[in-house]
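Everything on this sheet refers to the single structure shown next.
The values are calculated or read from the model by the stated rules, or taken from the named source; none is laboratory data. Since this is a predicted model, take the numbers as computed values, not measurements. When we count neighbours, we look across all protein chains shown, and the Cβ atoms used for this are built from the backbone with ideal geometry, even at glycine.
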Amino acid sequence: MDDSKRIQNIKVLMYHRVLAEKPKKVSQWHYVTLAEFRKQMQMIERLGFTPITFADYQLFLEGKLTLPQRPIIITFDDGYLDTLENAIPVLLELNMRAVIFVMGNRNLNYAGWDQLDEPEECPLMSDDQIRSVQEMGFEIGAHSLNHVSLTDLTEGEIAYEVYRSKEILENIIEKPILTFSYPYGCVDERVTKVVSNSGFLFGCGVFTGSAMFSETMMDFRRLAVNQYTSFLKFLITLILPYQYIEWAYYNVKNRLKTPAQLDHQEDLRTQSTNGNSKDSNFDMHKIFNSH
Ligand SMILES: [Zn+2]
C-alpha cells in the first residue's frame, strides 16, 4: 500500500479506564476490563497493526521516521492511575506504545469533574507517575486544565485552559507537548484556533473530525472503546473502515436532528412573537444556511 493510502486509513482508538475487574454496580465510567483490554491488544498485534504516537507521526511528516505497514494510534483520556497500573504493563509486554492525555490542573487527584458518586475511586496519575510513563516511551498529551467543555467558554477562558495546561505539563515532562484532547470531544473552530495558536500540532476530538486520518489535524476523529464495545464490534472496528461508517452514521443522525431542532426554535419564536410568520420564515432561512 502506498504511503498516502496507508495514512488516510490510520485509526485512532480512544480508551478511558482499564479496570482490573468489572465494577459490581453499573459504572458511571467508561471502562474496559483488564482481560478485555489484553484480548483487544493481542488482536491488534495478531492483525499486524503497529501502534504509533502522534509524536511519531510528526517525525514521519518531517521525513525522520518511516511508518510501519499498518499503523494505529491508541489513546487514553484523563490520565487515570489505572492507565499506568493496568494498561501500560500489557502495552509494554506487547511492545506497544500509546498516547495518554492528562489534566493540566495538578491539584486534581481524582476524576471528580462530573460530580459523580465516589470520585475517590478514580485516582489520577501524579506528576512523578506522568514523568515515568513518558520515560517508558509513551506520549503525554494535554486534556485542558479542569476538564470543562471548551465550547462553552469565552475565548480568553479557552486560551487559559489550553495554554496553561501545555505549560504546566511541559514543565513536568521537560519536553514539548504536541497533542491536545478536547474534554467531552467538544470542539469548534474557536477552540481549534486557540489550540493551534498555543503551539499544539494535533488535536483529538471524538465525533467531529474527518473520517480520513490527518485531513483535520486539529480534530482527529477517534473510535471509542469501552464497556459497550463487544469483542465482535472491536474486531469490526479494526478490520472494516469503521471510522467512515461512524462518520456517515453521525452525519445522517445530525441531518435528521436538524428539522426537529428547527421546529423547536420555530415554536419558541412563535411564542415570543405571537406567531409573526414573516419573521419566522426569515430566521428559518438563516438557520438553514448556517447548517
Ligand atoms: Zn476526558
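Summary table
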{"read-out": "Unique match (being under 19 Å from the mean Cα position of the chain (by Cα), in contact (Cβ under 8 Å) with a residue 60 or more places away in the chain and surrounded by 17 or more Cβ atoms within 10 Å (Cβ to Cβ)) among 150, 145, 169", "value": "169"}
{"read-out": "Members of the range 178-204 that are crowded, with 24+ Cβ neighbours inside 10 Å and farther than 20 Å from residue 168 by Cα", "value": "187"}
{"read-out": "Subset tally (residues that are among the β-branched types (Val, Ile, Thr) and either within 16 Å of the ligand (Cβ to nearest atom) or crowded, with 18+ Cβ neighbours inside 10 Å (or both)) for the range 11-44", "value": "4"}
{"read-out": "Any hit, the range 283-290, residues being of a type in the set (A, V, I, L, M, F, W, C), out of contact with any helix residue (DSSP H, G or I) (no Cβ under 8 Å at 6 or more places or on another chain) and either modelled with pLDDT of 80 or more or surrounded by fewer than 18 Cβ atoms within 10 Å (Cβ to Cβ) (or both)", "value": "no"}
{"read-out": "Tally of residues being away from the ligand (no atom under 16 Å from the Cβ) and at positive phi across the range 164-188", "value": "1"}
{"read-out": "Among residues of the range 141-192, those that are among the hydroxyl-bearing types (Ser, Thr, Tyr) and in a helix (DSSP H, G or I), counted", "value": "6"}
{"read-out": "Identity of the residue in the range 227-244, polar (S, T, N, Q) and surrounded by 14 or more Cβ atoms within 10 Å (Cβ to Cβ), that ends up farthest from residue 47 (Cα to Cα)", "value": "227"}
{"read-out": "Breaking point among (1) touching a strand residue (DSSP E or B) at 6+ places or on another chain (Cβ under 6 Å); (2) more than 30 Å from residue 210 (Cβ to Cβ), for residue 28", "value": "(1)"}
{"read-out": "Residue check, residue 74 within 16 Å of the ligand (Cβ to nearest atom) and at pLDDT 95 or above", "value": "yes"}
{"read-out": "Meets criteria (under 22 Å from residue 131 (Cβ atoms) and either at pLDDT 95 or above or more than 16 Å from the ligand (Cβ to nearest atom) (or both)) for residue 92", "value": "yes"}
{"read-out": "Residue among 206, 195 that is in contact with a strand residue (DSSP E or B) (Cβ under 7 Å, 6 or more places away or on another chain), closer than 25 Å to residue 9 by Cα, assigned to a helix (DSSP H, G or I) and within 16 Å of the ligand (Cβ to nearest atom)", "value": "195"}
{"read-out": "Pair list, Cβ under 9 Å, 6 or more apart: the range 186-199 residue farther than 18 Å from residue 149 by Cβ, other residue assigned to a helix (DSSP H, G or I) and basic (Lys, Arg)", "value": "199/166"}
{"read-out": "Residues located in the range 137-150, provided they are β-branched (Val, Ile, Thr) and either on the phi > 0 side of the Ramachandran plot or within 14 Å of the ligand (Cβ to nearest atom) (or both)", "value": "148"}
{"read-out": "Helices (runs of 4 or more DSSP H) (entirely within the range 1-104) containing at least 2 residues that are among the hydrophobic types (A, V, I, L, M, F, W, C)", "value": "34-46, 54-61, 88-93"}
